[in-house]
Amino acid sequence: LMQVTELNEPLSNEERNLLSVAYKNVVGARRSSWRVISSIEQKTSADGNEKKIEMVRAYREKIEKELEAVCQDVLSLLDNYLIKNCSETQYESKVFYLKMKGDYYRYLAEVATGEKRATVVESSEKAYSEAHEISKEHMQPTHPIRLGLALNYSVFYYEIQNAPEQACHLAKTAFDDAIAELDTLNEDSYKDSTLIMQLLRDNLTLWTSDQQDDDGGEGNN
C-alpha cells in the first residue's frame, strides 16, 4: 500500500479506506498497549519498587518510540503524497486526508509532553480546522466523512485540549445539522452515517453528564 501511495497517483476510495484501516490497526495496538503500561507504571510508582519502576518505564518508552514511528510514517505519506496530490476539486479526499493528519498528530499528543506536545497539538488543531472548513463548504452534513471528522475533532477538544464546551458544541452542531437533513442521506452510506451520528450522541451524553458532575462538585472543569 505504501508503494502504491508513493506512485503519485490518486488512490481509489477502496485503496484510501484500506490504507486508513491498515494503519489504524497498527497504531491502535500500540495506543492500547501504551494506556495499559501507563496505568501499570502509575501503580508501580506508588509501590516504590525501583527495579520494577525502571523496567515498566523502559517498556513504555519502547512502545512510545514504535507509536511515534508509525505516526511519522503516516504523516510523511500524507504530506508528501496524499494531500499534495489532491486536486482543487477533490474535496472528499482532501477532507479524508486532513482528518487523518489531525488524527495522527492527536495520537502523538496522547504520549508527548512539554514543548513537543504543544507542537503536535497545534499541528493536529490546524489539520482538523482546515478539514472542517472544507467539509462545511463542500459536503452534506450527513456525509460520513464530514460526520467522522466532527466526531474526531470533538474528541480532540475533549481529551487533548481539555475543552469540554467546545467539544460538546462541535458534536451537537454536527449531529443537529445531520438530523435536519436526514432526507439527503445517501443509501450507500446510510449505515456509516447513522453509526457516526449515534457515536456523536453517545459522546454528548457522556460529556454533558461529566460536566454536570463537575459542576456539582467544586466547579473545577
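Name the residues in region 57-70 that are out of contact with any Lys or Arg (no Cβ under 9 Å at 6 or more places or on another chain) and more than 12 Å from TYR107 (Cα to Cα), would you?
Within region 57-70, ARG57, ALA58, TYR59, ARG60, GLU61, LYS62, LYS65 meet the criteria.
Consider only pairs whose beta carbons are under 6 Å apart and that are at least six residues apart or on different chains; among these, list those whose first residue lies in region 128-141 and is modelled with pLDDT of 95 or more and whose second residue is part of a loop (DSSP other than H, G, I, E, B).
So the pair list comes out as PRO141/GLU181.
Going through region 92-121 one residue at a time, which ones are of a type in the set (Asp, Glu), in contact with a helix residue (DSSP H, G or I) (Cβ under 9 Å, 6 or more places away or on another chain) and under 23 Å from GLU61 (Cα atoms)?
Of the residues in region 92-121, the ones of a type in the set (Asp, Glu) are 92, 103, 110, 115.
If we keep only those that are in contact with a helix residue (DSSP H, G or I) (Cβ under 9 Å, 6 or more places away or on another chain) too, we end up with 92, 103, 110.
If the condition is that a residue be of a type in the set (Asp, Glu), in contact with a helix residue (DSSP H, G or I) (Cβ under 9 Å, 6 or more places away or on another chain) and under 23 Å from GLU61 (Cα atoms), then ASP103, GLU110 are the ones that fit.
Testing ALA58 on (1) exposed (fewer than 12 other Cβ atoms within 10 Å of the Cβ); (2) under 21 Å from the mean Cα position of the chain (by Cα), one condition comes back false. Which one is that?
(2)
Can you tell me which residue among TYR81, TYR91, TYR23 is over 28 Å from TYR158 (Cα atoms) and either out of contact with any strand residue (DSSP E or B) (no Cβ under 8 Å at 6 or more places or on another chain) or in contact (Cβ under 8 Å) with a residue 24 or more places away in the chain (or both)? Steps first, answer last, please.
On the way: TYR91 fails: over 28 Å from TYR158 (Cα atoms); TYR23 fails: over 28 Å from TYR158 (Cα atoms).
None of the others qualify; the one that does is TYR81.
Looking at region 9-48 only, could you name the residues that are in contact with a Ser or Thr (Cβ under 9 Å, 6 or more places away or on another chain) and modelled with pLDDT of 90 or more?
Once the filter is applied, which keeps residues that are in contact with a Ser or Thr (Cβ under 9 Å, 6 or more places away or on another chain) and modelled with pLDDT of 90 or more, region 9-48 yields ARG16, LEU19.
Scan region 155-178 for residues that are farther than 15 Å from LYS136 by Cα and aliphatic (A, V, I, L, M) and report the count.
Result for region 155-178: 4.
State whether one or more residues within region 25-39 are surrounded by 14 or more Cβ atoms within 10 Å (Cβ to Cβ), closer than 22 Å to ALA127 by Cβ, in contact with a Cys (Cβ under 7 Å, 6 or more places away or on another chain) and not acidic (Asp, Glu).
Scanning region 25-39, I find at least one residue that is surrounded by 14 or more Cβ atoms within 10 Å (Cβ to Cβ), closer than 22 Å to ALA127 by Cβ, in contact with a Cys (Cβ under 7 Å, 6 or more places away or on another chain) and not acidic (Asp, Glu), so the answer is yes.
Hey, among the residues in region 105-122 that are loosely packed, with under 13 Cβ neighbours inside 10 Å and among the acidic types (Asp, Glu), which one's farthest from VAL21 (Cα to Cα)? Show your work before the answer.
To start, the set of residues in region 105-122 that are loosely packed, with under 13 Cβ neighbours inside 10 Å comprises 113-115, 118, 122.
Now drop any that are not among the acidic types (Asp, Glu), which leaves 115, 122.
Values: GLU115: 30, GLU122: 25 Å.
Only one residue tops the list, namely GLU115.
With the condition kept exactly as written, say whether any residue in region 160-168 is in contact (Cβ under 8 Å) with a residue 24 or more places away in the chain and either at positive phi or hydroxyl-bearing (Ser, Thr, Tyr) (or both).
no
Could you tell me whether region 89-104 includes any residue that is hydroxyl-bearing (Ser, Thr, Tyr), buried (at least 23 other Cβ atoms within 10 Å of the Cβ), more than 16 Å from the chain's Cα centre (by Cα) and farther than 27 Å from SER39 by Cα?
Step one: filter region 89-104 for residues hydroxyl-bearing (Ser, Thr, Tyr), giving 89, 91, 93, 97, 104.
With the extra rule that they be buried (at least 23 other Cβ atoms within 10 Å of the Cβ), the set shrinks to 97, 104.
Next cut, more than 16 Å from the chain's Cα centre (by Cα) only: none.
No: zero hits.
Please determine, by comparing only the residues of region 74-88 that are among the hydroxyl-bearing types (Ser, Thr, Tyr) and assigned to a helix (DSSP H, G or I), which one is surrounded by the most Cβ atoms within 10 Å (Cβ to Cβ). Step through it out loud before you land on a result.
Step one: of region 74-88, the residues among the hydroxyl-bearing types (Ser, Thr, Tyr) are 76, 81, 87.
Keeping just the survivors that are assigned to a helix (DSSP H, G or I) gives 76, 81.
Values: SER76: 11, TYR81: 20.
Among residues in region 74-88 that are among the hydroxyl-bearing types (Ser, Thr, Tyr) and assigned to a helix (DSSP H, G or I), the one surrounded by the most Cβ atoms within 10 Å (Cβ to Cβ) is TYR81.
Considering only region 172-192, how many residues are surrounded by 13 or more Cβ atoms within 10 Å (Cβ to Cβ), of a type in the set (Asp, Glu) and at pLDDT 95 or above?
1
The values are calculated or read from the model by the stated rules, or taken from the named source; none is laboratory data. Treat the numbers as computed from the prediction; the structure is a model and nothing was measured. For neighbour counting, all protein chains shown are included, and Cβ atoms are generated from backbone atoms with ideal geometry for every residue, glycine included.
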